[in-house]
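The values are calculated or read from the model by the stated rules, or taken from the named source; none is laboratory data. The structure displayed is predicted, hence computed values, not measured ones. FYI the Cβ positions are ideal-geometry reconstructions off the backbone, even for glycines, and counts take in every protein chain you see.
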Amino acid sequence: MKTNVDPRLSLCRVALSLALACALAPAAHASASGDAAILMEAVKAGRPEVVAMLVKSGIDVNATLNGEGSALISAAKLGDATMVTELLRLGADVNRGVAGDGTPLIAAAANGDVVITRQLLKAGARVNQVMPGDETALINAARSGKLELVKVLVNAGADVNLGTDADNAQPEWRTPLNQAASGDIKNYLASKGAR
């Protein structure tokens, strides 16, 4: 059951979240991590107008936060296509990756999000980019079980044999083929030369 929420209440929640982020981040306006925390709160709140205001006030749209990556990575993880569009408009680097957090494209693929994957590819995302401690976009897409997503990436030039050893705790060579969630995906990848 959907309820109507007073927009002023939503704005108050965003303001409180931002105030909390400022209070928790040491020297919020003096540090990159503080800026990133403030920006992340606005992204998580789903408020592109607040994100735009923060970036226009001088916060780096590409600031990163350990464990979350950049604002664009977070928006991709959240599946927020509107936020992705706004961050790209504001100059977010579509290929900015963070070790352990991946790239926006890797996050979108891990989320199984075809729409955001297409947005990022259109904006120039490198389809075969690999980050330390992470997997490729195609490996994540194959694991998601979404054949359409796998096809989008392969058609954009994803290397069907590009593997990685992402998990340092339990080393295992991972490829799109050995991580495929379904027989359809395995058959498709094999038809494209995966081994």
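Restrict the check to region 118-132 and report whether at least one residue is surrounded by fewer than 24 Cβ atoms within 10 Å (Cβ to Cβ), farther than 27 Å from SER33 by Cβ and among the hydrophobic types (A, V, I, L, M, F, W, C). Yes, there is a match, as at least one residue in region 118-132 is surrounded by fewer than 24 Cβ atoms within 10 Å (Cβ to Cβ), farther than 27 Å from SER33 by Cβ and among the hydrophobic types (A, V, I, L, M, F, W, C). Within region 133-151, being assigned to a helix (DSSP H, G or I) and buried (at least 18 other Cβ atoms within 10 Å of the Cβ) holds for ALA137, LEU138, ILE139, ASN140, ALA141, ALA142, ARG143, SER144, LEU147, LEU149, VAL150. Note on region 13-69: among residues that are acidic (Asp, Glu) and over 21 Å from GLY79 (Cα atoms), the one that is modelled with the highest pLDDT is ASP60.
Residues in region 74-92 that are charged (D, E, K, R) and over 11 Å from LEU105 (Cα atoms): ASP80, GLU86, ARG89.
Within region 162-176, the presence of at least one residue that is over 17 Å from the mean Cα position of the chain (by Cα) and at pLDDT 95 or above is confirmed. SER74 meets the conditions (1) part of a loop (DSSP other than H, G, I, E, B); (2) assigned by TED's automatic domain parsing to the domain that holds GLU49; (3) of a type in the set (Gly, Ala, Ser) in every case but one. The failed one is (1). Taking the criterion of being crowded, with 19+ Cβ neighbours inside 10 Å, in a helix (DSSP H, G or I), of a type outside the set (Lys, Arg) and touching a residue at least 40 places away in the same chain (Cβ under 8 Å), would at least one residue in region 154-169 satisfy it? No: region 154-169 contains no residue that is crowded, with 19+ Cβ neighbours inside 10 Å, in a helix (DSSP H, G or I), of a type outside the set (Lys, Arg) and touching a residue at least 40 places away in the same chain (Cβ under 8 Å). Which of the numbered conditions does GLU86 fail, given that it passes all the others? Conditions: (1) at pLDDT 95 or above; (2) among the charged types (D, E, K, R); (3) in a loop (DSSP other than H, G, I, E, B). Against the list (1) at pLDDT 95 or above; (2) among the charged types (D, E, K, R); (3) in a loop (DSSP other than H, G, I, E, B), GLU86 comes up short only on (3).
Here are some residues: ARG143, ARG126. Which one is among the charged types (D, E, K, R), within 20 Å of ALA81 (Cα to Cα) and either touching a Ser or Thr at 6+ places or on another chain (Cβ under 8 Å) or not assigned by TED's automatic domain parsing to the domain that holds ALA99 (or both)? First the steps, then the outcome.
Details: ARG143 fails: within 20 Å of ALA81 (Cα to Cα).
Answer to the selection: ARG126.
Apart from one condition, ILE185 fits all of (1) in a helix (DSSP H, G or I); (2) touching a strand residue (DSSP E or B) at 6+ places or on another chain (Cβ under 7 Å); the exception is (2). Residue selection: MET53 satisfies the criterion of being without any contact (Cβ under 8 Å) to a residue 12 or more places away in the chain and of a type outside the set (S, T, N, Q). Taken as a whole, the structure leaves THR64 outside the set of residues that are closer than 28 Å to ALA141 by Cβ and either surrounded by fewer than 17 Cβ atoms within 10 Å (Cβ to Cβ) or touching a residue at least 60 places away in the same chain (Cβ under 8 Å) (or both).
Does ALA125 satisfy the criteria of being in a loop (DSSP other than H, G, I, E, B) and modelled with pLDDT of 95 or more? Considered against the rule, which asks whether it is in a loop (DSSP other than H, G, I, E, B) and modelled with pLDDT of 95 or more, ALA125 comes out as yes.
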